[in-house]
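In what follows, a structure is listed as structure tokens, so that the remarks can point back to it.
The values are calculated or read from the model by the stated rules, or taken from the named source; none is laboratory data. The model shown is predicted, which means the values in this text are computed figures rather than measured ones. For neighbour counting, all protein chains shown are included, and Cβ atoms are generated from backbone atoms with ideal geometry for every residue, glycine included. Each accessible area value is taken on the protein alone, full model and side chains, heavy atoms only, with ligands, DNA and RNA left out. Shrake-Rupley method; radii C 1.70, N 1.55, O 1.52, S 1.80 Å.
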Amino acid sequence: MIAWTVLVPLKALPAAKSRLAASVPAHWHPELVAAIRADTLRAVDAATAVARVLIVADVEGVAEGALVQSSPGLNGALRDGAEFARQHWAADGVAALVGDLPALHGEDLDAALAAAATHLRAYVADATGAGTTLLTAAPGVVLNPRFGAGSARRHAQHCVPLDAAAGLRNDVDSAADLAAAMTLGVGPATSALSLRFKLPA
């Protein structure tokens, strides 16, 4: 059974989740981003296949113990994190997971990682089929992240696509994405905010 180091890239506020910021009241944005991240990380912590979580941040102070990237951009951050993981835990697989999955459950991530363990590289497309929410590389295999608009097509060139539960595919970039996640059932932090802010269910 492969153990996994899961990389979660997080951007500092107020730049984080800028599309979501444009579609909700400004005073909601910081708390909403924090809640979505908390629910995502809670689910990762609950996954039994995950040996450790490594947060990769663009600046210091985003999260305690986070690795601050030295290479530019999201893919640079993930390459930095993957190299750090390779140097410290070479026997484990490496997975890159987006940090905006409030409807994710630990068992759903476990199921995807179990499927990924049978491939050198694998990925999970988002609900639109265009983006990527999870990218994996087996022990000793270079991660080669190609995130960004249309990333699923690029990852399909060198990775195996995986079926996954809706909570793993529903990343939140907009108010519509958040509403879709709410219908799936979000974690406790986002749920608590939904009561305060009367978010759409």
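Counting only protein heavy atoms and a 1.4 Å probe, the chain has 45 square angstrom of accessible area per residue.
Rank these residues by their accessible area, most exposed first, probe 1.4 Å: Glu60, Glu31.
Values: Glu60 155, Glu31 75 Å².
Largest accessible area first, the residues go Glu60, Glu31.
Inverting the mean 1/r over all pairs of different Cα atoms, compute the Kirkwood radius of the range 103-201 and quote it in Å. The answer is 14.3 Å. Largest GNM mean-square fluctuation among Ala175, Ala149, Ala46, using the chain with Cα springs under 10 Å: Ala149.
Mind listing which trypsin sites (Lys or Arg not before Pro) in the range 137-201 are in a DSSP loop and have 16 or fewer other Cβ atoms within 10 Å?
Details: sites: Arg146, Arg153, Arg154, Arg169, Arg196, Lys198; in loops: Arg146, Lys198.
The qualifying sites are Lys198.
Kirkwood hydrodynamic radius of the range 66-161, from the reciprocal of the average inverse Cα-Cα distance over all distinct pairs: 13.6 Å.
In the chain, what % of DSSP beta bridges are antiparallel (nearest 5)? It would help to have the intermediate numbers written out before the result.
Details: 9 of 24 bridges.
Looking only at bridges with both residues in the chain, the antiparallel portion is about 40 percent.
The C-alpha atoms of the range 20-102 occupy a region whose extents along the principal axes are 45, 31, 20 Å, arranged from largest to smallest. Among Leu97, Leu32, Leu113, the largest mean-square fluctuation in a Gaussian network model of the chain, built with springs joining Cα atoms closer than 10 Å, belongs to Leu32. Just the protein heavy atoms count here, and of the accessible area of the chain at 1.4 Å, carbon and sulfur take up 56 percent.
Other residues with beta-carbon under 13 Å from the beta-carbon of Gly73 carry, at +1 per Lys or Arg and -1 per Asp or Glu, a net charge of +1. If you sort Trp28, Trp4 by accessible surface, 1.4 Å probe, largest first, the order is Trp28, Trp4. Solvent-accessible surface of protein heavy atoms, probed at 1.4 angstrom with all chains present, puts Glu107, Glu83, Glu64 in the order Glu64, Glu107, Glu83, largest first.
Screening the chain for whole DSSP H helices with an alpha carbon extent of at least 20 angstrom along the helix axis and a mean Kyte-Doolittle hydropathy of at least 0.0 yields 29-46.
Using only the C-alpha atoms, the convex hull of the chain corresponds to 104 Å³ per residue. Contact order for the range 1-159, expressed relative to its length and based on alpha carbon pairs under 8 Å spaced 6+ residues apart, stands at 26 percent.
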